Amino acid sequence: MDDDPDASERRRLYDLDAEEKFLRGPQSRWKEFVRATRIYREFFRGFRALHFIGPCVTVFGSARFKEDHPFYAMGRQVGLELARAGFTVMTGGGPGIMEAANRGAKDAGGLSIGCNIELPMEQAPNPYVDKVVHFRHFYVRKVMLVKYSFGFVTLPGGFGTMDEIFETATLVQTGKIRDFPLVLMGREYWEEMMEFLRVMVARGTIAQEDYDRLVVTDDPSEAVALVRDAAISRFGLSYTEPKRRWIFGEKGLFGRGGAVTRR
C-alpha cells in the first residue's frame, strides 16, 4: 500500500496528462509503440469483459441531471422497460441519465453494464451497474458502447451525448454498422436540433433518410418497442450462447448468457 494516500491519484492524473501529450502530434517511435500497445490492451480488456453480456441496448445522456429531475425519471423508466424486454442495459457508467438507466435495469432484475471513462474531475461509476469496465480513451469506450449494442436510446445531454449519437448516426449512414434504431427521448429538448437537421436536408448535406433515422418520442414504452421490433423482427436477430473456452480463461467470465447473432 502507498504511504502517500494521494500517490495513486497523482499517477492517474499523470497518465491523463500523458494522453494529452500523445495527442499533440508526432512523438518518438518508441513512445508511439508503447502507447499503441496500451491502446490495444484496452481494446482487448473491453472485448474480454463484454463478450458474454448478451443482447445490449446503449443509453446515452447527460451526467448532470439529479435524481429529482424529470429526465432522470425518464431514463430510469427506459432502463426498466429495456430490461423487461430482455435487453442488457449499457451506459457510460456515470451519474445522471447513465445512473438512471442502469438503476431502471436493476429495478426490473435485468443486467446493467457501465463503460466508465477515467477523467480528472469525474466520473465515479454509479452504484447500479452489475459490471463496470474502466477506460482511459474515449474512442475505445465509444467502440464498446456501439459494438455490443443493437439499438441506441439518447436522452438529453451535452457535448459528449451529441458526440455519441452523431458518431453512431454516421456509422449507420456510412454502412459501418447496420441500421439499428436511434431513438431520442424528450421532444422539447431535441426540437431545435431536429429543426436544424431539416435545414441540413434542405441544403443537401444529409439525406432525408438520414433525418428519418432519428426517431423522437417522450414515451419510454414506445422507444423500447421501436428498439425491440427492429432488433428482433426487422433484422432477424436471435439469442445464442457463445461457447466459453477454458484455454482463454473464459469459464468464470462475467455474463449470464446470450449473444445476438443473425439467423
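So if I check each of E99, E81, which one is farther than 9 Å from Y128 by Cβ and assigned to a helix (DSSP H, G or I)?
Of the residues listed, the single one that is farther than 9 Å from Y128 by Cβ and assigned to a helix (DSSP H, G or I) is E81.
(1) among the hydrophobic types (A, V, I, L, M, F, W, C); (2) part of a loop (DSSP other than H, G, I, E, B); (3) buried (at least 18 other Cβ atoms within 10 Å of the Cβ); (4) more than 14 Å from the chain's Cα centre (by Cα): which one isn't true of V129, the others all being true?
(4)
When you look at K106, is it in contact with a Ser or Thr (Cβ under 6 Å, 6 or more places away or on another chain), among the basic types (K, R) and farther than 24 Å from E167 by Cβ, yes or no?
Spelling it out, K106 is indeed in contact with a Ser or Thr (Cβ under 6 Å, 6 or more places away or on another chain), among the basic types (K, R) and farther than 24 Å from E167 by Cβ.
Give just the number: which of (1) in a helix (DSSP H, G or I); (2) in contact with a strand residue (DSSP E or B) (Cβ under 9 Å, 6 or more places away or on another chain) does T170 not satisfy?
(2)
Looking only at segment 77-96, how many residues end up being under 13 Å from A223 (Cβ atoms), buried (at least 23 other Cβ atoms within 10 Å of the Cβ) and touching a helix residue (DSSP H, G or I) at 6+ places or on another chain (Cβ under 6 Å)?
Count: 6.
Among A83, A108, A124, which is under 30 Å from R35 (Cβ atoms), aliphatic (A, V, I, L, M) and free of Cβ contacts under 8 Å to residues at least 40 places away in the same chain? Walk me through it before giving the result.
Numbers: A83 fails: under 30 Å from R35 (Cβ atoms); A108 fails: under 30 Å from R35 (Cβ atoms).
That would be A124, the only listed residue that is under 30 Å from R35 (Cβ atoms), aliphatic (A, V, I, L, M) and free of Cβ contacts under 8 Å to residues at least 40 places away in the same chain.
Suppose we filter segment 97-120 for residues that are small (G, A, S) and surrounded by fewer than 24 Cβ atoms within 10 Å (Cβ to Cβ); how many remain?
Residues flagged as small (G, A, S) and surrounded by fewer than 24 Cβ atoms within 10 Å (Cβ to Cβ) within segment 97-120 amount to 3.
Quick check, is K142 surrounded by 17 or more Cβ atoms within 10 Å (Cβ to Cβ), of a type outside the set (S, T, N, Q), in contact (Cβ under 8 Å) with a residue 24 or more places away in the chain and closer than 15 Å to I53 by Cβ?
Here the answer is no, as K142 does not meet what is asked.
Taking the residues in segment 190-226 that are small (G, A, S) and part of a helix (DSSP H, G or I) as candidates, determine which candidate is farthest from L80 (Cα to Cα).
A202
Can you name every residue in segment 1-45 that is at pLDDT 65 or above and not in a helix (DSSP H, G or I)?
L23, R24, G25, P26, Q27, S28
Quick check on segment 188-204. Is at least one of its residues buried (at least 22 other Cβ atoms within 10 Å of the Cβ) and either acidic (D, E) or at pLDDT 95 or above (or both)?
no
Sort through T170, T161 and tell me the only one that's among the hydroxyl-bearing types (S, T, Y) and surrounded by fewer than 16 Cβ atoms within 10 Å (Cβ to Cβ).
On the way: T161 fails: surrounded by fewer than 16 Cβ atoms within 10 Å (Cβ to Cβ).
None of the others qualify; the one that does is T170.
Would you point out which residue out of F60, F52, F71, F65 is of a type in the set (A, V, I, L, M, F, W, C) and over 26 Å from A225 (Cβ atoms)?
Working: F60 fails: over 26 Å from A225 (Cβ atoms); F71 fails: over 26 Å from A225 (Cβ atoms); F65 fails: over 26 Å from A225 (Cβ atoms).
Answer to the check: F52.
Within segment 46-66, identify whether any single residue is without any contact (Cβ under 8 Å) to a residue 60 or more places away in the chain, hydroxyl-bearing (S, T, Y), part of a loop (DSSP other than H, G, I, E, B) and closer than 30 Å to D218 by Cβ, and answer yes or no.
The answer is no, given that none of the residues of segment 46-66 is without any contact (Cβ under 8 Å) to a residue 60 or more places away in the chain, hydroxyl-bearing (S, T, Y), part of a loop (DSSP other than H, G, I, E, B) and closer than 30 Å to D218 by Cβ.
The values are calculated or read from the model by the stated rules, or taken from the named source; none is laboratory data. What you see is a predicted model, and the numbers here were worked out from it, not measured in a lab. Here the Cβ is made from the backbone with ideal geometry for all residues, glycine too, and neighbour counts use every protein chain on show.
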